[in-house]
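Accompanying notes for the structure given below.
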Amino acid sequence: MSSSDEKLIKDSVKERYGEIARSSANEAGGGSCCGDVIDPFDLIQPQSQSTMMGYSAEEIGSVPADAVMGLGCGNPQAIAALRPGEVVLDLGSGAGFDSFLAARPVGESGKVIGIDMTPDMIKRAQENAAKGAFENVEFRLGEIEDMPVDDDSIDVILSNCVINLSPNKTAVYKEAYRVLKPGGRLAISDMVSSGEMPPEIKDNPDLYSSCVAGALQVDELDQILNEAGFKEIKIIPKEESREFINKWTPGIPIEEYVLSATIEALK
């Protein structure tokens, strides 16, 4: 992919998520990470989407309401096994939902860092952190292909339906390996491709920013993780995710080509 193509994709993604960030999770004009804009008359949809992704009502209710935006395709918290004192990095942290959930198990002795490339998302996340008095969470503006994070400083990397949006996934996973401590781990929910996509899906920039066209097949992703240096790689596609994926883009059967997966690996 040429640098101009990469820039086009990044600009499209940034514009989409900037628009979502400027909306309210409880007002018309909100959006889902993957698929079309939320129905403005369905005010509970961000919460119901998060429930479909595997979050409990208790988790959803434990963070500021404006952090719950339905921006995901799974629940990385379910595989993270976070422990007190750990330092967690949330890639594509959005309004802060997963960062805030991670803050409690790592406790006052731990820390959560959220990275997002959209200034409006960072602003919204910082406002939510203040509302919820999350003193062990900070948000940094930056790109996941070039993380503003020190080498060997992170215990766990979380991400929820974000890395598939990057036009350079090899760079993302090399950066993830760089910033993790020895023994550090990935706990990621993301999209994978279950078959060769037709050109009308793969080459559609709107479907790229909708978490679809950029998804890799499992063997491609496994190779990238291996080449980055990761061990004990586990990529587990979730067949049941097709049920909610088919609601993302009415009229386009994307559930035939992509599904959600959990991705785990160790440095």
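Just a few scattered comments:
- The set of residues in the range 192-213 being surrounded by 18 or more Cβ atoms within 10 Å (Cβ to Cβ), more than 14 Å from residue 248 (Cβ to Cβ) and at pLDDT below 85 consists of 197 alone.
- Test: residue 85 is more than 22 Å from residue 166 (Cα to Cα) and assigned to a loop (DSSP other than H, G, I, E, B): yes
- Leading residue by the ranking (surrounded by the fewest Cβ atoms within 10 Å (Cβ to Cβ)) among those in the range 251-267 that are in contact (Cβ under 8 Å) with a residue 60 or more places away in the chain and not in a strand (DSSP E or B): 256
- Which listed residue, of 134, 139, is more than 26 Å from residue 223 (Cα to Cα), buried (at least 24 other Cβ atoms within 10 Å of the Cβ) and at pLDDT 95 or above: 139
- Checking each residue in the range 113-159 for being β-branched (Val, Ile, Thr) and more than 20 Å from residue 265 (Cβ to Cβ) picks out 118, 122, 137.
- A single entry from 116, 90, 150, 120 fulfils the requirement of being surrounded by fewer than 21 Cβ atoms within 10 Å (Cβ to Cβ), modelled with pLDDT of 95 or more and not β-branched (Val, Ile, Thr): 150.
- Scanning the range 226-248 for residues that are in contact (Cβ under 8 Å) with a residue 24 or more places away in the chain and touching a strand residue (DSSP E or B) at 6+ places or on another chain (Cβ under 6 Å) yields 230, 231, 232, 233, 234, 235, 236, 237, 238, 241.
- Residue within the range 163-184 that is crowded, with 16+ Cβ neighbours inside 10 Å, in contact with a Leu (Cβ under 6 Å, 6 or more places away or on another chain) and among the hydrophobic types (A, V, I, L, M, F, W, C) present: no
The values are calculated or read from the model by the stated rules, or taken from the named source; none is laboratory data. None of the values given here were measured: they were computed from a predicted structure. Heads up, the Cβs are rebuilt from the backbone with ideal geometry, glycines too, and the neighbour counts pull from every protein chain shown.
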